[in-house]
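Report on the structure given below.
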Amino acid sequence: MREKNLVLIGMMGCGKSTAGALLARRLGLELADTDAFVEETEGRTIPEIFAADGEAHFRRAEEAAARALAARSGLVVACGGGLPLREESIRPLKESGTVFFLRRDPGEIYDTVSMDGRPLGQGGKEAFLARFAQREPVYRRWADHVIEEFSTPDATVRAILEVLGTMKLLVVNGPNLNLLGKREPGIYGENSYESLCESLKAFGAANGAEVDCFQSNHEGAIVDAIQQADGVYDGIVMNPGAYTHYSVAILDALKAVSVPCVEVHISNIHQREEFRHKSVTAPACVGQICGLGLYGYQAALSYFLSRKKVGKESFH
């Protein structure tokens, strides 16, 4: 089956290229930018095209780019701001996939985004706002969905993924948890680490989420996994193991990324040795689940899945 494209439209400077790059990374797709496609095909920049041959020539090249990209599949396509104004350019892309209108406030765009290198952005703020007012009905006509979350590029991508119903969750386990089933089964149970991962992946799949599992006995590897999750996963479920009680490095990594985390412990750490009662990493998490056995992992996944159902409610 042909994989649909994801097509981003909106005013110049609204963040289509930035959000498109993050979205492509999240979904493992290729990013295609119609402006970049035109520049590569023409062998010159868009300002040079406008200066030498005018807007009409650029629009013809843009139409050719749109048709070429629409013939492909599995792309995130970031469209030039004026592309949707020409039906012969936007219709092939519309037919190739799902169109998202990134509706960012035009005044905010003009005040925060450089207009250098944008030939149609040189007329001043009043002209820019008038151009947006003219274009917005066209954007809405072609859009399957309208996105209005622009607090951060990552938040924009999350809003798009919510519409698509796609959620990626990462389960991180720390030292000795690879020995589940062998290590103190009276405390940690008899199920193996492998069976835990299989059950969590199956639970995720049954609820419309992709679950990946990572385990390491090394603090630095866990820090790397957390850092690399930023912009890729919607949530982290983590059992830091012994690092719970002293790893400032893991605490700092969790604070540094925008991915929310729920801390999980198989046993009730508050009923064990005194040194286990304090979690150094918990302050960077949205919550902690302990004492529910392996079910705690599923409960943590369910928390993230419930946030998906309520839409844009914050994790924090």
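The values are calculated or read from the model by the stated rules, or taken from the named source; none is laboratory data. Fair warning: this is a prediction, and the values are worked out from it, not measured in the lab. For neighbour counting, all protein chains shown are included, and Cβ atoms are generated from backbone atoms with ideal geometry for every residue, glycine included.
Kindly check whether there is at least one residue in region 239-249 that is in contact with an Asp or Glu (Cβ under 9 Å, 6 or more places away or on another chain), among the hydrophobic types (A, V, I, L, M, F, W, C) and buried (at least 19 other Cβ atoms within 10 Å of the Cβ).
So far as region 239-249 goes, no, none of its residues is in contact with an Asp or Glu (Cβ under 9 Å, 6 or more places away or on another chain), among the hydrophobic types (A, V, I, L, M, F, W, C) and buried (at least 19 other Cβ atoms within 10 Å of the Cβ).
Starting from region 226-238, take each residue that is under 9 Å from V257 (Cβ atoms) and list its partners that are surrounded by fewer than 24 Cβ atoms within 10 Å (Cβ to Cβ) and hydroxyl-bearing (S, T, Y), counting only C-beta distances under 7 angstrom and pairs at least six apart or across chains.
D230/S258
Take the residues in region 270-307 that are of a type in the set (S, T, N, Q) and closer than 17 Å to A209 by Cβ; name whichever of them is surrounded by the most Cβ atoms within 10 Å (Cβ to Cβ).
The residue in question is Q298.
Could you identify the single residue in R86, R67, R103 that is within 30 Å of the chain's Cα centre (by Cα) and touching a residue at least 40 places away in the same chain (Cβ under 8 Å)?
So the residue among R86, R67, R103 that is within 30 Å of the chain's Cα centre (by Cα) and touching a residue at least 40 places away in the same chain (Cβ under 8 Å) is R103.
Sort out which residues of region 128-162 are assigned to a helix (DSSP H, G or I), acidic (D, E) and more than 22 Å from G82 (Cβ to Cβ), and write them in order of number.
D154, E162
Would you please name the residue that is surrounded by the most Cβ atoms within 10 Å (Cβ to Cβ), looking only at residues in region 22-50 that are without any contact (Cβ under 8 Å) to a residue 24 or more places away in the chain and either acidic (D, E) or assigned to a helix (DSSP H, G or I) (or both)?
Residue satisfying both the conditions and the ranking: I49.
Do you know which of the residues in region 106-118 that are of a type in the set (A, V, I, L, M) and assigned to a loop (DSSP other than H, G, I, E, B) is nearest to the chain's Cα centre (by Cα)?
V113
Testing S96 on (1) among the hydroxyl-bearing types (S, T, Y); (2) touching a strand residue (DSSP E or B) at 6+ places or on another chain (Cβ under 8 Å); (3) closer than 22 Å to V232 by Cβ, one condition comes back false. Which one is that?
Unmet for S96, out of (1) among the hydroxyl-bearing types (S, T, Y); (2) touching a strand residue (DSSP E or B) at 6+ places or on another chain (Cβ under 8 Å); (3) closer than 22 Å to V232 by Cβ: (3).
Among the numbered criteria (1) at pLDDT below 90; (2) in the same structural domain as G97 (by TED's automatic domain parsing), which single criterion is violated by E148?
Every condition holds for E148 apart from (1).
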